[in-house]
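Visitor: Have a look at this one.
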Amino acid sequence: MSDTVIKAEHLSKYYKLGVINNGTLFRDIQTWFALRQGKPDPHSKIGEHKYDGNDNGFWALKDLNFEIKQGDRVGIIGKNGAGKSTLLKILSRITAPTEGNVKIRGRVASLLEVGTGFHGELTGRENIYLNGAILGMKKKEVDRKIDEIIDFSGIEKHIDTPVKRYSSGMYVRLAFAVAAHLDSEILIADEVLAVGDAEFQKKALGKMNALSAGQGRTVLFVSHNMAAVKSLCNKGIILYQGRLKFTSDNIDEAIGKYQDLAITKVSEEYIWQNVNKLESEFITINNIKIISRPDSNNIEKALIQGNSYFLKFNIFIDKKNPLLTLYYIIYTEFGVKVMESAFSDSGKEVSEALNEGYNIVIAELPTKELMPGKYRIEILSSIKNIEYIIDYNTIELVITLLPNESCMPLYKNRQSILFTNKNWSIMH
């Protein structure tokens, strides 16, 4: 038990929706005083349970039990609304749990929102002292570390400029630099690092790794970027609808479980059907299938590396626009983009190739270049350089590419967009 720094027991958080008080300060004080003495709320309805979970409220967290050891780097993952940020706010003592308790041993430095504790009229240098004081640093401690903090933030030229003129990226650079240099035993970081550029994200992840490995600090990290979680964390916690779905001392196992949970929400027959009337004034995508031949309607259920497969788009062109674009992006199971392909890569524009009315568009999948594994395919459409018609995460397919011993991938360990696919065709 001596190396346990965080222990949660039956941790729960309940939020009421709509009206959150009795309407008057006097009645609120009566309610507070009664509950303080362990008596029932005098203004509650007869027979009403305090947290009945009806339409007037919901459990953001429910009955969480876990322990985190000193030096652990824990990735907290889950879809939006799973309760990740609520958990971090409780651990940071920003909000209190409704039921249960959490025991924390050591000082906590948290970075939950960009610019928390910053004053827009103060300069970056002045905000270092202000934010440091909020995090529990003494003035002498900040004096000793301020040069190191400024150097790490990488915004030396702007350090004496009021932060109201900073970009969001500069905000998060400075805020993280202060939090990272606090002599705390526990560092909590939410998705805010996504605001920074790739160079700073790499620098920040390296700093958190160094704090954990070199100084034995505990790190809790929330991110939707599975590649970042994998590179930093050694353990994982999965939250789902406020419940603790899965924990593992192996981050790869936790990420794999999370991906499996996501895939169960997608059709295993590799077909997307427009059931939500997703349409615009220019284009309506009726359905998308993965097929083995352009002239086939048979939906593939098992994809083998090296074999030929195609995305078959059944679309309706409502109105032609010379800037209309249709494309797709392939991501690994860890969220790393490996390929992007647009209709215009084939040397044609959508407006020239497609007729008003129903059209069939075929795009070949690059299964010879991909390693075996799980991939997510996002479908997008836009008016080029103006607006998205179909945005990210609106249409997606998840595929599993099975290995083929006779097929050697052209590229291995791909970490960025390395190629595009020009094999698009039209069937009228």
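Visitor: Can you work out ³J(HN,Hα) from phi for every residue in the range 160-166, in order, using Karplus 6.51 cos²θ - 1.76 cosθ + 1.60 and θ = phi - 60°, giving whole Hz and x for Gly and Pro?
Guide: These are the phi-based 3J(HN,Hα) values: 9, 9, x, 5, 5, 9, 7 Hz.
Visitor: If you don't mind, another one. Taking Cα pairs under 8 Å and at least six residues apart, what relative contact order does the range 131-187 come out at, in percent? If you can, show how the numbers build up before the last one.
Guide: Values: 32 pairs, mean separation 25.4, N = 57.
Reported relative contact order: 45 percent.
Visitor: Next question. Quick one: net charge of Ile251's neighbours, Cβ under 9 Å, K/R +1, D/E -1? Before the final figure, lay out the partial values.
Guide: Values: positive: Arg73, Lys230, Lys235; negative: Asp249, Asp252, Glu253.
Charge balance near Ile251 sits at 0.
Visitor: How large is the translational diffusion coefficient of the range 113-232 in µm² per second when you combine the Kirkwood radius over alpha carbon pairs with Stokes-Einstein at 25 °C and 0.890 mPa s? Don't jump to the answer; show the numbers that get you there.
Guide: Details: Rh = 14.4 Å.
Translational D for this selection: 170 µm²/s.
Visitor: A further question on this structure: Would you mind calculating the gained length between Thr394 and Asp63 on full extension (0.36 nm times residue separation, minus the Cα-Cα distance), in nm to one decimal?
Guide: Working: separation 331, 0.36 × 331 = 119.16 nm, distance 3.22 nm.
Value of the extension gain: 115.9 nm.
Visitor: Continuing with the same structure: Grab the Cα-Cα distance for Lys7 and Lys368, subtract it from 0.36 nm times how many residues apart they are, and report the gain in nm with one decimal. Before the final figure, lay out the partial values.
Guide: Values: separation 361, 0.36 × 361 = 129.96 nm, distance 4.76 nm.
Gain on stretching Lys7 to Lys368: 125.2 nm.
Visitor: When the accessible area of the range 140-191 is computed with all protein chains present and a 1.4 Å probe, what percentage of it is carbon and sulfur?
Guide: The C+S portion of the solvent-accessible surface of the range 140-191 is 47 percent.
Visitor: Could you derive backbone 3J(HN,Hα) for the range 222-238 from the dihedral phi with the Karplus parameters 6.51, -1.76 and 1.60 (θ = phi - 60°), listing whole Hz in sequence and x where the residue is Gly or Pro?
Guide: 10, 6, 8, 8, 5, 5, 5, 4, 5, 6, 9, 8, 10, 9, x, 10, 10
Visitor: Something else: Hey, with R₀ at 45 Å, roughly what FRET efficiency would Asn225 and Arg144 work out to, going by the Cβ-Cβ distance, to 0.05? Intermediate results must be reported in sequence, preceding the final value.
Guide: On the way: r = 33 Å, r/R0 = 0.74.
Between Asn225 and Arg144 the formula returns 0.85.
Visitor: Give the accessible surface of the range 70-223 per residue, rounded to a whole number of Å², with probe radius 1.4 Å and ligands, DNA and RNA excluded. The partial results should precede the final answer.
Guide: Values: 6830 Å² over 154 residues.
Per residue, the range 70-223 has 44 Å² of solvent-accessible surface.
Visitor: A further question on this structure: Note the full-extension length gain between Ser168 and Asn385 as 0.36 nm times their separation in residues minus their Cα-Cα distance, in nm to one decimal. Intermediate results must be reported in sequence, preceding the final value.
Guide: Details: separation 217, 0.36 × 217 = 78.12 nm, distance 2.29 nm.
Full extension of this stretch gives 75.8 nm more.
Visitor: Another question about this same structure. Of Lys207/Lys337; Lys89/Lys230; Lys13/Lys207, which pairs sit farther than 27 Å apart, going by alpha carbon to alpha carbon? Before the final figure, lay out each step's value.
Guide: Values: Lys207/Lys337 24 Å; Lys89/Lys230 23 Å; Lys13/Lys207 32 Å.
Exceeds cut-off: Lys13/Lys207.
Visitor: Another question about this same structure. So how much accessible area does Asp151 have, in Å² to the nearest 10, using a 1.4 Å probe?
Guide: The accessible area of Asp151 comes to roughly 100 Å².
Visitor: Determine the alpha carbon to alpha carbon distance for each of Lys139/Lys202; Lys16/Lys245; Lys79/Lys368; Lys69/Lys245; Lys69/Lys203 and list only those over 27 Å. It would help to have the intermediate numbers written out before the result.
Guide: Numbers: Lys139/Lys202 29 Å; Lys16/Lys245 24 Å; Lys79/Lys368 31 Å; Lys69/Lys245 20 Å; Lys69/Lys203 25 Å.
Distance filter (> 27 Å) returns Lys139/Lys202; Lys79/Lys368.
The values are calculated or read from the model by the stated rules, or taken from the named source; none is laboratory data. Everything quoted here is computed from the prediction, not taken from an experiment. Counting neighbours? That spans all protein chains shown, and the Cβs are built from the backbone with ideal geometry, glycine included. Quick note on the areas: whole protein, heavy atoms, side chains included, nothing else; ligands and nucleic acids left out. Shrake-Rupley method; radii C 1.70, N 1.55, O 1.52, S 1.80 Å.
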